[in-house]
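Everything below concerns the one structure shown next.
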């Protein structure tokens, strides 16, 4: 059976999303989403509010987070060329889900996970300060406090890009990334990240499960990618993502099935100004990770 009622990848102003949690929940309701996960980058700050907003709209909320990790294997030039990509992402993003956790209730294992995650969130500010210094050296001074004020939780490059647009250094956020902030470009600064294996261990210790987000961004052959995930104990792969072509989705779903792994589905919604909409992501119900349908 196919369904479009799941959206397990979305962002709010707690990281690099455009909208407050309440409005994201309302957009999910309007698009017919019945099972929703808020997965802000390296932070759980929005969980409690999201659970409340979801419940008030008759939506099942799944606490989630998108963890920035080091790549588990290098990109393959032939795959990047076939995808029409110049470079792969400098990090792999691991989605962590805790379907059995109620954000309104105290849970020692979840508290321990949050403690493990906290340095990743706090490490974003020093990185952003270094990026601002690089921009200043390039003749584009940016007030770090104004960048930080744009984020309710985890500050990221999109917040810096927004400030660069406001200051007139670039015309669009996309231009900021393509010329200055993208991986390996003049103002880019990497930050300390856990390995996939470390993140998997932290999530499983707290009773959650993991899924690799938008694997098309990493430039790795599907077979190599899925074997690597299986070896590292990753539970699922985000086969259905707005950036994935139908054939790529099918290849991931088939590879997951062959390895008895689950899949997840997500719009990766960041905001209406990005020409994005939540939900409307068809997926086979039986292919989803079982913890989502229990």
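Residue count for region 87-106 under the criterion of being assigned to a loop (DSSP other than H, G, I, E, B), under 19 Å from the mean Cα position of the chain (by Cα) and closer than 14 Å to residue 209 by Cβ: the result is 2. Quick check on region 33-46. Is at least one of its residues out of contact with any strand residue (DSSP E or B) (no Cβ under 7 Å at 6 or more places or on another chain) and in a helix (DSSP H, G or I)? The answer is no, given that none of the residues of region 33-46 is out of contact with any strand residue (DSSP E or B) (no Cβ under 7 Å at 6 or more places or on another chain) and in a helix (DSSP H, G or I).
Listed here are the residues, each with its yes/no results for (1) crowded, with 20+ Cβ neighbours inside 10 Å; (2) at pLDDT below 95.
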{"position": "5", "(1), (2)": "no, no"}
{"position": "11", "(1), (2)": "yes, no"}
{"position": "14", "(1), (2)": "yes, yes"}
{"position": "22", "(1), (2)": "no, no"}
{"position": "30", "(1), (2)": "no, no"}
{"position": "37", "(1), (2)": "yes, no"}
{"position": "42", "(1), (2)": "yes, yes"}
{"position": "49", "(1), (2)": "no, no"}
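Could you say whether any residue in region 193-213 is surrounded by fewer than 21 Cβ atoms within 10 Å (Cβ to Cβ), assigned by TED's automatic domain parsing to the domain that holds residue 18 and under 23 Å from residue 28 (Cβ atoms)? Within region 193-213, not a single residue is surrounded by fewer than 21 Cβ atoms within 10 Å (Cβ to Cβ), assigned by TED's automatic domain parsing to the domain that holds residue 18 and under 23 Å from residue 28 (Cβ atoms). If we scan region 107-115, do we find a residue that is at pLDDT 90 or above, within 20 Å of residue 62 (Cβ to Cβ), more than 20 Å from the chain's Cα centre (by Cα) and not in a helix (DSSP H, G or I)? Scanning region 107-115, I find at least one residue that is at pLDDT 90 or above, within 20 Å of residue 62 (Cβ to Cβ), more than 20 Å from the chain's Cα centre (by Cα) and not in a helix (DSSP H, G or I), so the answer is yes. Has region 77-91 got any residue that is touching a residue at least 60 places away in the same chain (Cβ under 8 Å), closer than 19 Å to residue 10 by Cα and crowded, with 22+ Cβ neighbours inside 10 Å? No, that holds for no residue. Residue 142: in contact with a helix residue (DSSP H, G or I) (Cβ under 6 Å, 6 or more places away or on another chain), in a loop (DSSP other than H, G, I, E, B) and either assigned by TED's automatic domain parsing to the domain that holds residue 275 or free of Cβ contacts under 8 Å to residues at least 12 places away in the same chain (or both), yes or no? For residue 142, the condition - in contact with a helix residue (DSSP H, G or I) (Cβ under 6 Å, 6 or more places away or on another chain), in a loop (DSSP other than H, G, I, E, B) and either assigned by TED's automatic domain parsing to the domain that holds residue 275 or free of Cβ contacts under 8 Å to residues at least 12 places away in the same chain (or both) - is not met.
For (1) crowded, with 22+ Cβ neighbours inside 10 Å; (2) over 18 Å from the mean Cα position of the chain (by Cα), each residue gets a yes or a no:
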residue	(1), (2)
251	no, yes
272	no, no
278	yes, no
284	no, yes
289	no, no
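Considering (1) crowded, with 22+ Cβ neighbours inside 10 Å; (2) part of a helix (DSSP H, G or I); (3) touching a strand residue (DSSP E or B) at 6+ places or on another chain (Cβ under 6 Å), the lone condition that residue 239 does not fulfil carries the number (2).
Got a number for residues in region 1-19 being assigned to a loop (DSSP other than H, G, I, E, B) and under 16 Å from residue 156 (Cα atoms)? Spell out the reasoning first.
Within region 1-19, the first condition is being assigned to a loop (DSSP other than H, G, I, E, B), and the residues that meet it are 1, 4-5, 8-9, 11-19.
Those still in the list that are under 16 Å from residue 156 (Cα atoms) too: 11-19.
The number of residues fulfilling the criteria is 9.
Among residues of region 222-249 that are outside the structural domain of residue 265 (by TED's automatic domain parsing) and touching a residue at least 24 places away in the same chain (Cβ under 8 Å), none has a beta-carbon under 6 Å from a residue that is in a helix (DSSP H, G or I) and surrounded by 17 or more Cβ atoms within 10 Å (Cβ to Cβ) at least six positions away or on a different chain.
Okay, residues lined up against (1) in contact with a helix residue (DSSP H, G or I) (Cβ under 6 Å, 6 or more places away or on another chain); (2) within 26 Å of residue 159 (Cα to Cα):
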{"residue": "237", "(1), (2)": "yes, no"}
{"residue": "241", "(1), (2)": "no, yes"}
{"residue": "250", "(1), (2)": "no, no"}
{"residue": "271", "(1), (2)": "no, yes"}
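For region 117-126, the set of residues classified as surrounded by 13 or more Cβ atoms within 10 Å (Cβ to Cβ) and more than 15 Å from residue 45 (Cβ to Cβ) consists of 123 only. Entry remark, region 176-219: residues being part of a loop (DSSP other than H, G, I, E, B) and farther than 30 Å from residue 165 by Cα number 5 in total.
The values are calculated or read from the model by the stated rules, or taken from the named source; none is laboratory data. Since we're looking at a predicted model, the values are computed, not measured. Using ideal geometry, Cβ is built from the backbone for each residue, glycine included, and neighbour counts are taken over all protein chains shown.
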